[in-house]
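The values are calculated or read from the model by the stated rules, or taken from the named source; none is laboratory data. None of these values were measured; they are calculated from a predicted model. Here the Cβ positions follow ideal geometry from the backbone for every residue, glycine too, while neighbour counts run over all protein chains shown. Ligands, DNA and RNA are stripped out before the accessible areas are found, and what is left, the full protein with its side chains, is counted by its heavy atoms. Shrake-Rupley method; radii C 1.70, N 1.55, O 1.52, S 1.80 Å.
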Amino acid sequence: MAIESIDRAAKEFVLSLQEYFLFATRAALNLFSSPVYWSDIIVQCDIIGVGSVLIVVFAGFFTGGVLAIQSSATLEQFGATAVTGQFVAMSMIRELGPVLTGIMVSGRNASSMASELGSMVVTEQIDAMRALGVDPMRKLTTPRVFACTIMLFFLTIVADFCGILGGAAVTVFMNGQNGTQYFSMAYQHLHVRDVLQGLAKPLFFGFIIASIGCFYGMRTTGGTQGVGQSTIKAVVFASVLIIFVDLLVSIVMVSF
């Protein structure tokens with residue numbers, strides 16, 4: 001019985017993985033053939049990007065402040081508190097900014113995509129769209145995937161900027177250090193490779209968030225209870241996959 005359960009679970013996992021890759025590939029390729037619903041893309045950019053700005057600003061600012069507090073306490077033992085700005089900037093731009101933004105946006109938007117599309121599935125609105133000759137993938141999934149990928153890129157820049165400002169606020173007002181020195185260290189020790197690494201990750205993360213949210217939303221079964229299950233799965237799998245892809249991208253970028 002145990003072997004049969006493991007075998008069944010493994011088959012279901014492989015099948016789900018295959019279905020997800022086909023789903024995500026189709027959602028991406030739809031952008032390069034007509035019709036493309038640009039108005040829906042703009043609406044989703046507003047919902048995903050503008051709607052997430054506030055939480056990204058606060059999360060980035062407070063994370064930068066925490067980094068400044070913890071790093072200065074450690075660096076003080078070695079008399080190297082002057083490099084606090086470098087530490088905060090490198091941590092935010094290369095790692096914490098993209099990952100934190102991805103997880104925050106995942107909690108807000110992957111859940112909303114899964115619940116919204118799941119509700120449309122259980123109320124047979126998706127079937128009605130197909131009956132009217134409208135492709136639900138083009139109309140519902142592709143705009144969300146494209147908008148989330150683009151907007152997460154800009155949200156990451158906002159998070160990085162706010163994180164550096166948060167570290168500066170803590171460094172100047174709580175630790176009594178020089179603000180000019182902080183920003184000088186943060187700027188001088190950043191390299192193009194660090195910035196590229198930090199800005200490449202949100203492109204992957206945004207695609208993951210939207211594709212997984214739409215994937216589980218479109219596969220919803222079981223009425224309203226199924227909508228809740230799809231929402232939970234979307235947030236959990238998107239968050240885990242973000243961290244996994246972050247590891248892979250970091251390994252690739254550091255090796256060059």
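Screening Ile42, Ile93, Ile47 for residues that are open to solvent by less than 60 Å² (accessible area, probe 1.4 Å) and either among the charged types (D, E, K, R) or closer than 19 Å to Phe154 by Cα (or both) leaves exactly one candidate, Ile93. Reported count of residues in region 234-256, each being hydroxyl-bearing (Ser, Thr, Tyr) and either open to solvent by less than 30 Å² (accessible area, probe 1.4 Å) or not in a helix (DSSP H, G or I) (or both), is 2.
Based on what the data block shows, is Tyr187 of a type in the set (Phe, Trp, Tyr) and surrounded by fewer than 16 Cβ atoms within 10 Å (Cβ to Cβ)? Walk me through it before giving the result.
Values: of a type in the set (Phe, Trp, Tyr): yes; surrounded by fewer than 16 Cβ atoms within 10 Å (Cβ to Cβ): yes.
So Tyr187 fits the description; yes.
From Gly198, Gly228, grab the single residue that is farther than 15 Å from Met113 by Cα, of a type in the set (Gly, Ala, Ser) and assigned to a helix (DSSP H, G or I).
After applying the criteria, what remains is Gly198.
Condition check for Glu12 on (1) under 22 Å from Met218 (Cβ atoms); (2) touching a residue at least 12 places away in the same chain (Cβ under 8 Å): one failure, at (2). Condition check for Leu155 on (1) on the phi < 0 side of the Ramachandran plot; (2) open to solvent by 10 Å² or more (accessible area, probe 1.4 Å): one failure, at (2).
Among the residues of this structure, Asp127 does not count as one that is of a type in the set (D, E, K, R), more than 15 Å from the chain's Cα centre (by Cα) and open to solvent by less than 60 Å² (accessible area, probe 1.4 Å). Evaluation of Gln177 against the conditions (1) among the polar types (S, T, N, Q); (2) in a helix (DSSP H, G or I); (3) touching a residue at least 60 places away in the same chain (Cβ under 8 Å) shows that the sole unmet condition is (2). Checking each residue in region 209-233 for being crowded, with 17+ Cβ neighbours inside 10 Å, within 21 Å of the chain's Cα centre (by Cα) and farther than 17 Å from Glu19 by Cβ picks out Ile209, Thr231. Of the residues in region 191-213, not one is more than 21 Å from Val99 (Cβ to Cβ) and either touching a residue at least 60 places away in the same chain (Cβ under 8 Å) or of a type outside the set (D, E, K, R) (or both). Gly198 fulfils the conditions (1) crowded, with 17+ Cβ neighbours inside 10 Å; (2) more than 21 Å from Gly64 (Cα to Cα) except for a single criterion, (2). Check off (1) out of contact with any Gly (no Cβ under 7 Å at 6 or more places or on another chain); (2) of a type in the set (Lys, Arg); (3) under 24 Å from Phe204 (Cβ atoms) for Lys11 and give me the number that stays unchecked. Every listed condition holds for Lys11 apart from (3).
For region 158-180, give me each residue that is in contact with a helix residue (DSSP H, G or I) (Cβ under 6 Å, 6 or more places away or on another chain) and surrounded by fewer than 19 Cβ atoms within 10 Å (Cβ to Cβ). Hits for region 158-180 are Val158, Val172, Asn175, Gly179. Among the residues of region 191-232, the ones that are within 30 Å of Ser91 (Cα to Cα) and either of a type outside the set (Lys, Arg) or out of contact with any Gly (no Cβ under 9 Å at 6 or more places or on another chain) (or both) come to 23 in all.
Criterion first (of a type outside the set (Lys, Arg), out of contact with any Pro (no Cβ under 9 Å at 6 or more places or on another chain) and surrounded by fewer than 16 Cβ atoms within 10 Å (Cβ to Cβ)) does Val53 satisfy it? Even if it seems obvious, please write down each step before you answer.
Working: of a type outside the set (Lys, Arg): yes; out of contact with any Pro (no Cβ under 9 Å at 6 or more places or on another chain): yes; surrounded by fewer than 16 Cβ atoms within 10 Å (Cβ to Cβ): yes.
For Val53, the condition - of a type outside the set (Lys, Arg), out of contact with any Pro (no Cβ under 9 Å at 6 or more places or on another chain) and surrounded by fewer than 16 Cβ atoms within 10 Å (Cβ to Cβ) - is met.
A single entry from Val99, Val83, Val121 fulfils the requirement of being closer than 19 Å to Gln229 by Cα and in contact (Cβ under 8 Å) with a residue 60 or more places away in the chain: Val121.
Among the residues of region 35-54, is any of a type in the set (Gly, Ala, Ser), under 23 Å from Ser250 (Cβ atoms) and more than 22 Å from the chain's Cα centre (by Cα)? Looking for residues that are of a type in the set (Gly, Ala, Ser), under 23 Å from Ser250 (Cβ atoms) and more than 22 Å from the chain's Cα centre (by Cα), one finds none in region 35-54, hence no.
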